[in-house]
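The next block holds one structure in the form of structure tokens; read it before the comments.
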Amino acid sequence: MPESNERKVMSRADLTKRLVSKLRNEEAVVGGIGWTNFELWGAGQRPQNFYMLGSMGLAFPIALGVAIAQPKRRVIGLEGDGSLLMQVGALGTIASRNQRNLVMIVWDNGAYQITGGQPAATATVVDVVGLARASGLEKSFWAKDEAHFEQLVDRALSEEGPFFIAVKIDSAKPAATTHRDPVQIRERFMRGLGVREAI
Amino acid sequence: MSSAEPDGQRAWHEIIRDVLKENNVRLATYVPDNVLSPLIRGLHADPFFTTFCCAREEEAVGVATGAWLGGTLGVVLMQTSGFATLPNVLASLAVPYQIPLLMIISERGTLGEFNLGQAMVCRTMRPALESMGIENHTLRRLDEVAFVVDRTVSQAVSTQAPAAIILNALLTGGKVEKKREV
Ligand SMILES: Cc1ncc(C[n+]2csc(CCOP(=O)(O)OP(=O)(O)O)c2C)c(N)n1
């Protein structure tokens, strides 16, 4: 196992809550498929949260689209390592655009957890921060521990990005489940972003 | 004069660019295709549009979807084989979340196709669109381009539903094999 993959293993539930507690400026958050967005849901409802119910791998592309449409707002994409591997070319697209208001966070449990915990290449050979750097994303970091994760998030919310933050996480099951109503999720998000008003 | 009225002056790709602009379609994401290249060039050349290449068509759909959520209407350009990679994200994102995702697809695989693989892929396209109930129109005539594109965009937005415009070789000339001695 490469040295770079030996990192402190943290809790996705805990870090998602830490992240959400730092959001004071109606930042948009796009939660990737599965347990990534379950934890986002569990961290408390915000109108600026978008929950994916499929389209594996599209959290960062969707977040990029929001960031392009709303350049003054910080946009955060949350993605699993398996999902990132499926759409890894998106990193190069984001780097080429140098999307300054975009923050990417990868929860790396080294597995496809929701489908039974099958190991992903990230468990052994693939270093997602290495992938991000090789794709041209200079501000790409592994969070060493919880305090370091918070520091990185603070930077990502104040400095120009794009930022890419990866964390090794454990396999704990989320306590909550996202309410699977795509139309309501989308409408609420658009209202949360000021694109729509309630009728 | 609105571009919805034919003028016989402009090429198909100029009409499409102008009609997209009139409908405030500001973002264009694509995976390259030879037949689409004049349209891609035209969009890149016009600063009204934010135009960029993605690594996969799914990714291009994700970006256009996010942009719509943030208040910007977009279009995704691709060839037939690119569309064939999309059913999962159309069925799990664009359709259930009611996204007016506009797709412009250059049709390879018919009317003089020389690559059997392209021909097979092409046969999957309309059944896939129909199975998801996605509105689609095939453009074959220059004088219909402006009307069809204009109405397709406005309907997609009004009904909050994805839509596809297929560019047939009768309109674009398509892509043909260089003639060789038999
Ligand atoms: C295109 C596609 N392939 C496979 C699946 C099945 N699937 C759903 S979630 C998932 C695993 C996601 O892994 P990861 O992003 O690492 O998140 P985790 O479950 O580990 O939290 C898979 C394989 C799917 N939904 N879509």
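The values are calculated or read from the model by the stated rules, or taken from the named source; none is laboratory data. All values reported here derive from a predicted model rather than from experimental measurement. Cβ: placed from backbone, ideal geometry, glycine included. Neighbour counts: every protein chain shown. SASA here: full protein model, heavy atoms, side chains in, ligands and nucleic acids out. Shrake-Rupley method; radii C 1.70, N 1.55, O 1.52, S 1.80 Å.
List of remarks:
- The residues of chain B expose, per residue, 43 Å² of accessible area to a 1.4 Å probe.
- Accessible-area composition of the protein assembly as shown, carbon plus sulfur, in percent [1.4 Å probe]: 51
- Cα-based shape type of chain B, given that a ≥ b ≥ c are square roots of the gyration tensor eigenvalues and the cut on a/c is 1.5: oblate
- Label-point separation in nm, A:ARG191 to B:GLN155, each point 7 Å along Cα→Cβ: 3.0
- Across A:ASP127, A:ASP81, the residue with the most accessible area heads the list, and the full order at a 1.4 Å probe is A:ASP127, A:ASP81.
- Summed side-chain charge close to B:GLN79 - residues other than B:GLN79 whose Cβ falls under 10 Å, Lys, Arg +1, Asp, Glu -1: -1
- Taken about its Cα centre, segment A:3-192 carries a charge dipole of about 580 debye when Lys and Arg each add +1 at the Cβ and Asp and Glu each add -1 at the Cβ.
- When only the Cβ of Lys, Arg, Asp and Glu is charged (+1, +1, -1, -1), the dipole of segment B:65-182 relative to its Cα centre reaches about 300 debye.
- Buried between B and A is an accessible area of approximately 2200 Å², summed over both sides with a 1.4 Å probe.
- About its Cα centre, the protein assembly as shown has a charge dipole of approximately 240 debye under the convention of +1 per Lys or Arg Cβ and -1 per Asp or Glu Cβ, with nothing else charged.
- Rounded, prolate or oblate (a/c below 1.5 giving rounded, otherwise prolate when a/b exceeds b/c) for segment A:3-192 by Cα gyration tensor: rounded
- When the Cα positions of A:ILE169, A:ILE114, A:ILE76 are compared along the charge dipole of segment A:70-199, A:ILE76 comes out farthest toward the positive end, with charges on each C-beta of Lys, Arg, Asp and Glu.
- Once the 1.4 Å probe is applied to the protein heavy atoms, segment A:3-192 comes out at 38 Å² accessible per residue.
- Taking chain A as the region of interest, the number of lysine pairs whose Cα atoms are within less than 17 Å, with members eight or more places apart or on different chains, is 5.
- Accessible surface, 1.4 Å probe, highest first, among residues B:ARG17, B:ARG41: B:ARG41, B:ARG17
- The sum of -39500 (n - 2.57) across all DSSP H runs of n ≥ 4, divided by the residue count of chain B, sets its helix-only mean residue ellipticity at 222 nm to -12500 deg cm²/dmol.
- Net charge, A:ARG191 excluded, C-beta distance under 12 Å - Lys, Arg +1, Asp, Glu -1: +1
- For peptide A:64-75, the mean count of partner chain Cβ atoms within 10 Å of a residue's Cβ comes to 6.
- Alpha carbon centroid spacing (whole Å) that separates segment B:160-182 from segment A:100-151: 41
- C-alpha center-to-center spacing [segment B:38-101, segment A:37-93] in angstrom: 16
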